[in-house]
Amino acid sequence: MDDGQAGSLGGMPISVNRFRLAKVDAVLLSWLLPPRCVICGARGVRECDLCAQCLAMLPPARQACPRCARARGDGALCPACRRIAPDFPLARVQAVFAYAFPLDALLPRLKFHADFAAGRVLAACMAAHFAAAPAPQALLPVPLHSARLRQRGYDQTLELARPLARALGLPLRTDLLHRRRATAAQTRLDADARRRNLQGAFVVSAHAPLPQHVVLLDDVMTTGATLHAAAAALRAAGVMRVEAWVCARVV
Ligand SMILES: [Zn+2]
Ligand SMILES: [Zn+2]
């Protein structure tokens, strides 16, 4: 533990306790700049950039099929997933929120407008949601293709994954799964076209030893085709169990 460091102030040697200074800084900062709600601008609650009203308004994902996260009243496998063979690559998909207001505003703000405050709030919500979930050996954000990353300048899923991995103490691995080719934007494609669009899109690094249990992380899940393709690549490379955590599921 690094508990002190010698410095100087006006030529006088001083002892700087970094931990104590960081604590004082945080208290001072929250007094000078109290947390503001990223949705409405009102004062945030408990060092969180959301006010109590907006926090209560976030739409939870409803009881869902454990494989595809499609909403179901009873949380059992949906008819489509029941028909699929047992070697379906995704063992379980869990969504925190339904993709409705205000998620349909916050997630695009993070994705297209570099609103990292929105990202931190959503990552904190995800950390609270998954705190009691069985810990995987690694958290893998679904990667962007390098061309898309260059164009945008940041990876929105990584912006969620970093604080989430830190909060839950999970190893974050960005070296295992890669996007081999840039895929066409999926927004206007139906489920079959999305699957075709993603065939062979992901590749797993051959040189690294693979964890046996991983969780894929994505910001939004629509049909699940992206997660399915990434999970299939990981399973084919030898990962035993692949699950997915998503911030919001389109219902
Ligand atoms: Zn608010
Ligand atoms: Zn299902």
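The values are calculated or read from the model by the stated rules, or taken from the named source; none is laboratory data. Please read all numbers here as calculations on a predicted model, not as lab measurements. These area figures cover heavy atoms from the full protein model, side chains too; ligands, DNA and RNA do not enter into them. Shrake-Rupley method; radii C 1.70, N 1.55, O 1.52, S 1.80 Å.
Below, the figures for the structure above:
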read-out	value
From phi via Karplus (6.51, -1.76, 1.60), per-residue ³J(HN,Hα) for segment 244-249 in Hz, x at Gly/Pro	9, 10, 10, 5, 9, 10
Additional length obtainable on full extension of the chain from Val251 to Ala56, 0.36 nm per residue less Cα span	68.2 nm
Å² of accessible area per residue within segment 75-142, as computed with a 1.4 Å probe and no ligands counted	45 Å²
Under Karplus coefficients 6.51, -1.76 and 1.60, residue-wise ³J(HN,Hα) of segment 219-225 in Hz, glycine/proline x	6, 10, 10, 9, 8, x, 4
Rounded percent of accessible protein surface that carbon and sulfur make up, segment 58-249, 1.4 Å probe	54 percent
Added length on full extension, which subtracts the Cα-Cα distance from 0.36 nm per residue, Leu32 to His213	60.8 nm
Among beta bridges that DSSP assigns inside segment 58-249, antiparallel share in %, nearest 5	20 percent
Residues whose placed amide H lies under 5 Å from that of Leu216, excluding near-sequence neighbours	Leu140, Glu243, Ala244, Trp245
